[in-house]
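S.K.: To start, I am sharing the structure in question, which I have written as structure tokens.
The values are calculated or read from the model by the stated rules, or taken from the named source; none is laboratory data. This structure is a prediction, so every number in the text was calculated from the model and none was measured. Cβ: placed from backbone, ideal geometry, glycine included. Neighbour counts: every protein chain shown.
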Amino acid sequence: MCRWAPPSYPAANYCPTSTSDNATWPSTRAGQSGLGTCVNGFEGNPIRFCDENGVWQGVTNPCMRTVPACTGETFQNAVWQQTAPGATTTGTCIYGFSPAPAGPPTRTCIRNDEAMTSAWSAVQNPCVFSMRGQNVHVGFAIC
């Protein structure tokens, strides 16, 4: 007597769930990429390929230490907004000052991964003194 049986397929290989390279990795089918989640104190969008044998390969776009942003401040006659590490921002000249002829003031928030800090770069194109928009009274007194 014959009995019907469903077809059998070879078991698919999977890369196991793991934590490495400052990220947790979900179980991922062989031949596909897995998106990791950075562990506390790290940030990013890490990706890792699971090869055909179910072995994790190197990380693309690895997690990096979380570094605080540069704080907003008024410096060199311009107002600077809080800025993420690695980003460049444009300042707003304070009253009585205007952008330089070369362009508006800019600064970069420099990331220091070793110290887990950030710091502002020097100002490029600092604001220049301007009488525009001010009521200037020039006069003299007669005694």
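S.K.: Taking the criterion of being of a type outside the set (Lys, Arg), without any contact (Cβ under 8 Å) to a residue 60 or more places away in the chain, farther than 25 Å from Asp113 by Cα and surrounded by 18 or more Cβ atoms within 10 Å (Cβ to Cβ), would at least one residue in the stretch 37-48 satisfy it? Quick ask: steps written out before the conclusion?
M.R.: Taking the stretch 37-48 first, the residues of a type outside the set (Lys, Arg) are 37-47.
Of the ones still in play, those that are also without any contact (Cβ under 8 Å) to a residue 60 or more places away in the chain are 37-47.
Going one step further and asking which of them are farther than 25 Å from Asp113 by Cα, we end up with none.
No, the stretch 37-48 contains no residue that is of a type outside the set (Lys, Arg), without any contact (Cβ under 8 Å) to a residue 60 or more places away in the chain, farther than 25 Å from Asp113 by Cα and surrounded by 18 or more Cβ atoms within 10 Å (Cβ to Cβ).
S.K.: Oh, and also: Take the stretch 35-91 and flag every residue that is farther than 30 Å from Asn125 by Cα and of a type in the set (Phe, Trp, Tyr).
M.R.: Passing the criteria: Phe42, Phe49, Trp56.
S.K.: Pull up the stretch 1-20, narrow it to residues that are at pLDDT 95 or above and in a loop (DSSP other than H, G, I, E, B), then point me to the one that is nearest to Val55 (Cα to Cα).
M.R.: In this case the residue turns out to be Pro16.
S.K.: Within the stretch 100-129, how many residues turn out to be surrounded by fewer than 14 Cβ atoms within 10 Å (Cβ to Cβ), modelled with pLDDT under 95 and not aliphatic (A, V, I, L, M)?
M.R.: Looking only at that region, the number is 4.
S.K.: Go through the stretch 66-75 and give me each residue that's surrounded by 16 or more Cβ atoms within 10 Å (Cβ to Cβ) and in contact with a Phe, Trp or Tyr (Cβ under 9 Å, 6 or more places away or on another chain). Steps first, answer last, please.
M.R.: Initial filter on the stretch 66-75 (surrounded by 16 or more Cβ atoms within 10 Å (Cβ to Cβ)): 67, 70.
Passing the criteria: only Cys70.
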